[in-house]
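A quick write-up on the structure given underneath.
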């Protein structure tokens, strides 16, 4: 009997036929204006992708690529990622803690272990009531975004997307307190 695959195992590690391609960007980890992406390819596909890149784009910003190369090879990128990860984890904990303090079981938090956004389902708010909640939050100085644009049909309950990467922990706690007042 075959052992079950861990849900945390990378897809590439399961690839026996050299078909997995990983596409990434530095826009989220560093800054959007950098506009540098990357591919992790099976060796057999590298020549084809190099040729396609040459035919499609001969004018990439070489100075930015060189600076990024130096940033990575000197270990600065890894140190930056570690610091950013710690900072974002603290912000995520502040957001989750504030949500639990002010909303308790009236919310369900999805994706609380990854990224720089949380999806929060408001158990007592119907989707049609969400725009009023967002408007009241805006009046209180807090920008909220519905998850509805990410769905092909309306979700069954009100869901909000909370981004926290650019906020301090104190700002996060204050914002959630204001959101709780308007919900």
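All of the numbers you see were taken from the coordinates with simple rules; none came from a lab. Computed from a predicted model, the values in this text were never measured in an experiment. Positions of Cβ are backbone-derived with ideal geometry, glycine not excepted, and every protein chain shown enters the neighbour counts.
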Exercise. Tell me, in nm to one decimal, what length is gained between residue 161 and residue 81 on full extension, where the rule is 0.36 nm per residue of separation less the Cα-Cα distance?
Worked result: 26.5 nm
Exercise. What is the calculated FRET efficiency for residue 140 to residue 89, with r their C-beta to C-beta distance and R₀ = 30 Å, to the nearest 0.05?
Worked result: 0.65
Problem set entry | Crossing angle, helix 130-139 versus the chain [Cα axis fit, 0-90 degrees, rounded to tens] | 90 degrees
For this session: With springs connecting C-alpha atoms under 10 Å apart, model the chain as a Gaussian network and identify which of 62, 114, 29 has the largest mean-square fluctuation.
Result: 62
For this session: Would you mind giving the average projected area, over all directions, of the Cα convex hull of the range 11-74 in nm² with one decimal?
Result: 5.5 nm²
Problem set entry | Where N is the number of residues in the range 87-182, Cα Rg divided by 2.2 N^0.38 Å | 1.00
Exercise. Per the Cauchy relation, a quarter of the hull surface: what is the mean projected area of the convex hull of the alpha carbons in the chain, in nm²?
Worked result: 15.6 nm²
For this session: Note down the nm distance, to one decimal, between modelled labels 7 Å out along Cα→Cβ at residue 56 and at residue 180.
Result: 4.8 nm
Problem set entry | Cα long-axis angle, helix 76-103 against the chain (0 to 90 degrees, to the nearest 10) | 20 degrees
Exercise. How much length, in nm to one decimal, is gained on full extension between residue 170 and residue 33, taken as 0.36 nm per residue of separation minus their Cα-Cα distance?
Worked result: 46.5 nm
Exercise. Out of 124, 15, 105, any idea which swings most in a Gaussian network model of the chain, alpha carbons joined below 10 Å?
Worked result: 15
Seminar exercise, completed: Sorted largest first, the Cα spans of the range 136-178 on the principal axes come out in Å as 35, 22, 13
Seminar exercise, completed: At R0 = 45 Å the Cβ-Cβ FRET efficiency linking residue 64 and residue 113, nearest 0.05, sits at 0.90
Exercise. For the chain, what is the mean residue ellipticity at 222 nm derived from helices alone (per DSSP H run of n ≥ 4: -39500 (n - 2.57); sum divided by total residues; nearest 500 deg cm²/dmol)?
Worked result: -13500 deg cm²/dmol
